[in-house]
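Trainee: First, the structure itself, so that you have it in front of you.
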Amino acid sequence: MAKRKRKTRTHIAPSEEEINKIPKSFVMRSGIVGTSVTALVRDVRRVLAPNTASHLRERRSNRLKDFVSVAGQLGVTHFLIFSRTEKNVNLRISRVPRGPTLTFRVAEYALAKDCLALQKNPKTSDVEYQSSPLLVLNNFQQNGKEFKVMTVMLQNMFPSVDVQTMQLSEARRVLLFNYNEDTGMIDMRHYSIGVKTTGVSKSIKRVINTNLPNLGDYEDISDYILKEAIISESDVEDGPESTVTLSQDYPGRNNRRNEQRAVRLHELGPRMTLELTKVENGMCGGEVLYHRYITKSQKDVMASERKRQKTLEEKAARKEHQEQNVEKKKAAKESLKKKHDDKEKKESDDEDDEEEEEEEDDMQLDEEDSQEEDDEEEEEEEEDEE
């Protein structure tokens, strides 16, 4: 019997410390948003897979503090909250637990199913969602603190990428945020990454990558290839900007190391066009660092700062008062406990004294009985002698 070959595991499992460093998120709804926005929430959860709660259920009775209370235990670092008003759909991205918070107006959006329906040959699979997407930020080098906060927030939502150690097979998706200077809008697109054989036509690709086509109607294979000559140049030539040399083996047929391949992106959806409207330094609250439509004068800023300081002082005073009340209750409880212990100790001492007195009485009675017995014995002995 032939010896069975055992597969050698070369994949190194991440350590617990590395797993704890991976950002995780909750994508949720706030209030009544309708079926379309609910579907958008599901699509965004799929975009952030696998480091998000894909089956999170929200109830009307749930409050933000309920999710915050469990976020720390689960290692959740970011909240994405969709809400809807009479005029707009809004998206808040907040860092847990202390902020900051970015508020966007969702000007336009298209669901993933709509994006795939527009494609002739849509390509998607569950394998692509087993690793996080690669984040690409384009044209975010703008003046203004809001761009710095937004850039850092978006980057921290995804695991950091080390080009030297990453596995090429994990680069299966890309998430693009593009800032349009003319409109002030941010376009979000979600793509899957694929590689194709470069420098050959579609007919040759079919021969190389798949089973041989039906050549019964051709006298020679050259007839099949030459018939496909009337094709666009994009099917034959790939520009140097889209051609790469694989540094590792990549999923797919014949995608081996050091082979030259052309990179292809296939849109997965959803699409969103976002407008940054507000930046707050707290979690869904706090000081407003930026507002697109409201500009405050220096006087208003100082008034807001005084109001904020007053609120903080009142909060600190309430906290101090609560701590004093807690200390008073602890002292009263300790005093009551001490009185109770003293009372029990006194009762125990009284019981011990009574027991000692009873023992002394019993001993005295025993001695008297013993003395009487001795006297009786002496009298009997004297009588016997007489």
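Trainee: Using a 10 Å cut-off around each Cβ, can you sort R46, R29 from fewest to most neighbouring Cβ atoms? Intermediate values should be presented prior to the final figure.
Mentor: Values: R46 21, R29 17.
So the residues, fewest neighbours to most, are R29, R46.
Trainee: In which sequence would I81, I22 go, from the one with the fewest C-beta neighbours within 10 Å to the one with the most?
Mentor: On the way: I81 22, I22 15.
In increasing order of surrounding Cβ atoms, one gets I22, I81.
Trainee: Here are some pairs, K24/K196; K65/K337; K24/K123; K21/K307; K307/K333; which of them have Cα atoms lying more than 30 Å apart in this structure? Working shown, then result.
Mentor: On the way: K24/K196 33 Å; K65/K337 36 Å; K24/K123 27 Å; K21/K307 37 Å; K307/K333 39 Å.
Over 30 Å apart, Cα to Cα: K24/K196; K65/K337; K21/K307; K307/K333.
Trainee: Sequence gap at least 6, Cα distance under 8 Å: using those rules, report the relative contact order of region 137-195 to the nearest whole percent. Don't skip to the end; give the middle numbers.
Mentor: Values: 48 pairs, mean separation 19.9, N = 59.
Relative contact order of region 137-195: 34 percent.
Trainee: So if each residue of separation counts as 0.36 nm, and I subtract the Cα-Cα distance between N180 and Q142, what length gain in nm does that give?
Mentor: On the way: separation 38, 0.36 × 38 = 13.68 nm, distance 1.09 nm.
Taking 0.36 nm per residue and subtracting the Cα distance, the gain is 12.6 nm.
Trainee: Which order, highest average first, do 308-317, 167-176 follow once you tally other Cβ atoms within 10 Å for each residue and take the mean per peptide? If you can, show how the numbers build up before the last one.
Mentor: Numbers: 308-317: 10.2, 167-176: 16.6.
Averaged packing, sorted descending, gives the order 167-176, 308-317.
Trainee: Something else: I need M166, M188 ordered by Cβ neighbour count within 10 Å, fewest first. If you can, show how the numbers build up before the last one.
Mentor: Details: M166 15, M188 19.
Ranked by crowding around the Cβ, least crowded first: M166, M188.
Trainee: Between K330 and S36, what is the label-point separation in nm under the 7 Å Cα-to-beta-carbon projection?
Mentor: 5.6 nm
Trainee: Can I ask one more? Based on alpha-carbon centroids, what's the gap between region 283-319 and region 90-118 in Å, whole number please?
Mentor: 26 Å
Trainee: Highest first, please rank the peptides 265-278, 329-342 by the mean number of other Cβ atoms sitting within 10 Å of their residues.
Mentor: Numbers: 265-278: 19.7, 329-342: 10.0.
Packing proxy ranking, top to bottom: 265-278, 329-342.
Trainee: Tell me, in nm to one decimal, what length is gained between E358 and V70 on full extension, where the rule is 0.36 nm per residue of separation less the Cα-Cα distance? Don't jump to the answer; show the numbers that get you there.
Mentor: Numbers: separation 288, 0.36 × 288 = 103.68 nm, distance 6.32 nm.
Length gained between E358 and V70: 97.4 nm.
Trainee: Could you work out how far apart the two model spin labels at S61 and N121 are, taking each label as a point 7 Å from the Cα in the direction of the beta carbon, and quote it in nm?
Mentor: For S61 paired with N121, the spin-label model returns 5.3 nm.
Trainee: Go ahead and run the numbers for FRET between K339 and Q260, Cβ-Cβ distance against an R0 of 56 Å, rounding to 0.05.
Mentor: Details: r = 88 Å, r/R0 = 1.57.
That pair, K339 with Q260, gives E of 0.05.
Each reported figure results from applying straightforward, stated rules to the coordinates on display, with no laboratory input. Here the structure is a predicted model, which is why all the values come from computation and not from measurement. Glycine gets a Cβ as well: all are built from the backbone with ideal geometry, and neighbour counts include every protein chain shown.
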